[in-house]
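This report refers to the structure that appears directly beneath it.
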Amino acid sequence: MHTVMTEIMLTAAIATIAAFLAASFYSSMTSFYNVYRTAIGAEEERALMDIKIVFATNASSTTVKVWIKNVGQKPLSKNLIRRASLIFGPSSQCELIPYNSSTSPSWTFRLAYDADGDGVWDPSETIELTITWSETLAPGDYYVKFIMHNGVSDDYYFSI
């Protein structure tokens, strides 16, 4: 009788441990799958997105114009463009420029070529950045780098 009770208790304990291990394994696999799915989604977005700075020049003694083409396959909303980062300055002393700041330096943008008029930066369309510098742009070499919210970027050197 004691042997039967012992076997029942051992069987119940083994079943409980097995259920606990299975639940833990399932939970871990679900977490791993969610992380994997998120990473794949981010990589897919980067693969579909690409930009190319096509030209930059000074427009006045304190402003620079930069034209950037969407050469990827993904349309980009104005909100995503506003979340981008811009690095600009003389080649030896670049700095991160805030978007639409009330003080210089600052940058803004407009859709320079919106083929379908939908207000979205579609593939093959171009935006125009206006960089307002805090002082007179001295003659020399300048650097501009535009970095989208997900790390897709392009850079460009030009001279004034």
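Throughout, read-outs are computed from the coordinates displayed, never taken from laboratory work. Small disclaimer: the values here were computed from a predicted structure and weren't measured. As a convention, Cβ positions derive from the backbone with ideal geometry for all residues, glycine included, and neighbour counts pool all protein chains shown.
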Residue list for region 119-160, restricted to those being closer than 18 Å to LEU48 by Cβ and not in a strand (DSSP E or B) | VAL120, ASP122, PRO123, SER124, GLU125, MET148, HIS149, ASN150, GLY151, VAL152
State whether the residues of region 83-104 include one that is of a type outside the set (Val, Ile, Thr) and in contact with a helix residue (DSSP H, G or I) (Cβ under 6 Å, 6 or more places away or on another chain).
-> yes
Residues satisfying the stated conditions in region 68-118, i.e. within 18 Å of the chain's Cα centre (by Cα), surrounded by 11 or more Cβ atoms within 10 Å (Cβ to Cβ) and more than 19 Å from VAL54 (Cα to Cα) = SER77, LYS78, LEU80, ARG82, ARG83, LEU96, ILE97, PRO98, TYR99
Report the residue count in region 101-118 for those that are closer than 15 Å to VAL64 by Cβ and not in a loop (DSSP other than H, G, I, E, B).
-> 6
What residue, among those in region 75-100 that are polar (S, T, N, Q) and in a loop (DSSP other than H, G, I, E, B), is nearest to GLU125 (Cα to Cα)?
-> SER77
